[in-house]
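Written out below as structure tokens is the structure these notes cover.
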Amino acid sequence: MKTIILVGGEGTRLRPLTYSTAKTMVPVLNKPFIEYVIRYLNNHDIKEVILAMGYKPDAIINYLGDASQLGTKLTYSIETAPLGTAGAIKHAEQHLDTDDTFIVMNGDVFTDIDITEMLNFHRKNKAKATIALTPVEDPTQFGVVETDHEKRVTRFVEKPRREQVTTNLINAGVYILDATILKSIPQGKRFMFEHDVFPVLLADGDPVFGYATDCYWIDTGTPEKYLQLTHDLMHGKSQQVAFQPEYIHIDKLSSVHPQAILTGPVLIEKDCTIGKGVKIKGPVVIGSGCNIGDDAIIENSILWQRVTIGEHARLKDCIVASNNHIENNACIECTAVNDIPLA
């Protein structure tokens with residue numbers, strides 16, 4: 001069983017954080033997002049992964065290498081031009097067993113979906129395609145997927161008006177596909193599963209099923225959702241991370257002034273200095289090499305690496321990417337600050 005992870009996009013919804021950083025390398029609790037996806041698959045005994053890449057592939061390759069350190073065999077499929085979700089899979093076809101079933105995952109989805117149970121569901125129904133479905137409060141912002149009593153997909157409705165909503169189940173960005181689907185995808189052309197593949201399968205009467213689950217799921221494609229993911233993980237909402245609201249973890253190579261006040265959940269990486277009178281109210285994640293000046297206040301925020309926060313500065317609901325300096329007495333709320341590459 002092989003999985004293709006779609007990580008080729010530029011992460012435009014995550015800007016300004018992704019001007020200098022590939023979206024799959026954005027840190028989550030101080031580890032790149034892609035590492036969580038690979039470990040998740042590994043936990044389901046899926047150890048062969050293909051990364052369908054396009055934007056800034058070098059940083060990903062330099063970090064992961066062959067991924068043997070994660071217990072995974074990793075292959076890279078690099079596009080020279082954006083090919084869309086299905087086009088990227090066609091481009092990676094040479095790395096697949098063309099007579100077998102394979103898995104596709106969107107690279108900006110964090111989920112606890114039981115992929116093993118989903119695979120059993122797919123095989124039991126002799127499906128050509130199985131789409132993971134997840135419930136959301138407001139389906140008008142998504143493409144909803146209607147199914148019958150046997151969980152067979154009957155219709156796709158893109159961003160329905162509220163009076164048109166018949167289900168709150170949306171496409172969760174995890175697919176199990178029969179390899180014969182590849183024959184219907186043109187080589188070297190931009191092609192999308194959502195618009196060019198799944199509706200055609202439905203029209204042709206092919207067995208397309210929806211696997212509905214209420215397991216933890218989030219699309220991390222915006223700064224707000226990225227901040228929400230951190231909040232959720234630090235409050236123990238995912239099976240993949242053993243963090244709790246009261247936890248305060250400080251790396252032994254970091255220094256915290258005895259008069260600083262920390263309220264969990266807080267995660268502080270190595271080589272950080274937390275000054276006198278600093279107040280940190282979680283959830284807060286601080287990456288390696290950060291310096292927090294005296295009497296600064298940080299609340300519900302993420303600092304990447306080598307960030308300096310000036311004295312008496314106040315941050316709330318913020319994401320500050322690497323190598324930034326926040327001035328003394330600055331007051332910043334609900335802001336994402338762009339990554340600054342080192343010279």
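Rule-based calculations on the coordinates, nothing more; no lab input. All of these numbers come straight from a predicted model, not from anything done at the bench. Neighbour counts are summed over all protein chains in view; Cβ atoms, including those assigned to glycine, are modelled from backbone coordinates with ideal geometry.
Odds and ends about this structure:
- Spin-label pair Arg162-Glu150: with each label point 7 Å from Cα along the Cα-Cβ axis, the two points sit 3.6 nm from one another.
- The spacing between region 150-172 and region 1-27, judged by their C-alpha centroids, is 27 Å.
- Once the C-beta distance of Asp45 and Gln244 is scaled by a Förster radius of 30 Å, the resulting FRET efficiency is 0.60 to the nearest 0.05.
- Rounded if a/c under 1.5, otherwise prolate or oblate - region 248-337, Cα gyration tensor axes: rounded
- DSSP-loop trypsin sites (Lys or Arg not before Pro) across region 220-280, with at most 11 other Cβ within 10 angstrom: Lys252
- A run of the chain free of exposed loop cleavage sites, with GluC sites (Glu not before Pro) counted only in DSSP states other than H, G, I, E and B and at most 14 other beta carbons within 10 Å, reaches its longest extent at 1-136.
- Mean separation of Cα pairs under 8 Å and 6 or more residues apart, divided by the residue count, gives region 248-337 a relative contact order of 19 percent.
- Here the label points at Thr180 and Gln94, each 7 Å from Cα along the C-beta direction, are separated by 2.7 nm in the simple model.
- Rounded Å value of the spacing that divides the Cα centres of region 210-285 and region 72-99: 34 Å
- Translational D in µm²/s for the chain (Stokes-Einstein at 37 °C, 0.692 mPa s, Kirkwood Rh from C-alpha pairs): 154 µm²/s
- Cross-link reach list, lysines versus Lys237, counting only Cα pairs under 17 Å and skipping chain neighbours closer than eight places: Lys225
- For the chain, share of DSSP beta bridges that run antiparallel, in % to the nearest 5: 30 percent
- Remark on region 114-264: hydrodynamic radius 18.2 angstrom, per the Kirkwood mean of 1/r across alpha carbon pairs.
- Per residue of the chain, the DSSP helices (runs of n ≥ 4 H) give a summed -39500 (n - 2.57) that works out to -4500 deg cm²/dmol at 222 nm.
- Between Arg15 and Thr222, the distance separating the two model label sites (each 7 Å from Cα on the Cα→Cβ line) works out to 1.6 nm.
- In percent, rounded to a whole number, the relative contact order of the chain is 14, using alpha-carbon pairs under 8 Å and six or more apart.
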